[in-house]
Structures are given as C-alpha cells and as structure tokens.
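Please treat every number below as a calculation from the coordinates, not as lab data. This one's a predicted model, so the numbers in the text were calculated from it and none came from an experiment.
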Amino acid sequence: MEQPIIKNLGLQPYLAIYELMHQFTQTRNIDTPDEIWFVQHPAVFTQGKVGKPEHLLHHTSIPVIQTDRGGQITYHAPGQQIMYILIDLRRLKLTARNIVSCLENSVVKTLANYNIIANAKIDAPGVYVDDKKICSLGLHINKGCTLHGLALNVDMDLSPFNTINPCGYHGLQMTQIKDYVMEINDDDIRKLLAQYFIEQLPLNL
C-alpha cells in the first residue's frame with residue numbers, strides 16, 4: 001500500500017482548509033491515496049462538536065469557528081504547526097484509538113529529537129511536557145476516514161490561550177518548542193512528524 005501524499009500548504013484560512021478536507025473525504029474512494037496536509041492558520045479559536053461555550057472565558061476580536069472535530073475549544077495561529085491527516089482507517093484496519101496513538105507518538109518522537117521529554121495521557125488526548133500542553137488533537141471520522149489532526153505549538157504567541165479553558169481544562173498551561181529550543185527549523189519539524197507518523201502505519205497490508 002502506498003504511503004500518504006504529503007502536502008505543505010503554508011498559511012491558509014481555517015475555513016478554506018476545513019471545506020477542502022470535507023470535499024476530499026466526500027469524493028474519495030477505496031483507491032484514493034491518503035494525504036497528510038501541513039498548514040498554519042491565521043489566529044482563530046475552533047470549537048469541537050461537543051464543545052461547551054463556557055470554555056470561552058472572554059470574547060476577543062479573534063473569531064470562534066464551530067467545527068465537527070472532537071474535543072473542546074482550542075487556538076490556532078501562525079507559529080503553530082498543524083498536521084491534518086486524511087487517512088482511510090478501514091483500508092488500514094485501524095481504529096480511532098490506534099490513529100490517535102500514532103499522532104501522539106509522532107509528536108513525542110519529534111520532540112525527543114530536540115531533547116524535550118514529552119508524554120501522552122490516556123484520559124486527556126494530546127501531548128504534554130511537564131504537565132503543560134504542547135500539542136492538541138482532534139479528529140472527525142466520516143466514511144471510515146479521518147479529518148483534522150494535530151496542532152503542535154512551535155513558536156507562537158500563547159497569550160490567547162489565557163482567554164479559554166484549553167481543550168476544556170480549567171487552568172491548563174500551554175507551552176511550545178521555543179520555550180525549550182533556541183534554533184527551530186519548520187521544515188525539519190514537518191519532516192520528523194511525517195516520518196514518525198507514517199512509519200507507524202501498517203502499509204504492508
């Protein structure tokens with residue numbers, strides 16, 4: 001089975017990519033290659049499909065967009081590397097839990113390259129460093145295929161996270177790679193994330 005196609009889409013409006021993800025999933029078939037999209041978004045809060053409005057603590061000029069991914073509210077902005085995965089789980093015989101673990105592991109291994117010790121939590125999806133969240137996860141599954149993915153904080157203004165309960169957790173502190181590493185190359189981070197994610201997929205079915 002062929003490897004996913006990797007695309008680096010740069011800085012793109014959230015809704016434009018949201019609509020493209022859904023168009024891709026609605027029109028794909030059993031033979032459509034999977035894809036991985038790397039992208040960054042202008043400042044935006046996104047709310048999960050079961051998100052509670054009270055987790056937005058203060059209204060700001062930053063727009064809030066309702067989505068169909070899992071999870072609560074989170075924040076996207078330039079300096080955060082997003083990896084959207086458009087993966088046919090049925091074809092790979094994977095469960096939603098399997099693919100979440102693949103995402104989390106890819107981030108943990110990427111951060112290890114920078115000597116950052118990170119971990120996932122069974123009861124709170126995402127990746128953490130010293131109990132601070134460095135990466136958020138959220139997926140939607142349609143026709144057995146995944147949409148959305150992960151958002152890894154690299155080098156961004158984290159202050160808007162203070163106006164929400166990130167991912168629904170009151171008082172959860174956020175962190176980013178820049179807090180631990182001086183020199184960061186975005187291309188390297190994308191390559192590592194893709195490499196570690198793809199090598200976990202059972203492509204030899």
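An ellipsoid equivalent to region 1-94, defined through the eigenvalues of its Cα gyration tensor, has semi-axes of 28, 16, 11 Å when rounded to whole angstrom and sorted largest first. Our coupling estimate for region 72-82, obtained by passing each phi through the Karplus curve with A = 6.51, B = -1.76, C = 1.60 and θ = phi - 60°, is 9, 7, 9, 10, 10, 6, x, x, 10, 8, 9 Hz, Gly and Pro reported as x.
When restricted to Cα atoms, region 58-135 yields an Rg and a Dmax of 14.6, 43 Å, respectively. In the structure shown, the pairs Lys49/Lys143; Lys132/Lys178; Lys52/Lys93 are assessed against 22 Å; a Cα-Cα span above that value is assigned to Lys52/Lys93. Overall size of the chain from C-alpha positions, given as principal axis extents largest first: 46, 36, 32 Å.
Scaled against 2.2 N^0.38 Å for its residue count N, the alpha carbon radius of gyration of region 122-205 is 1.26.
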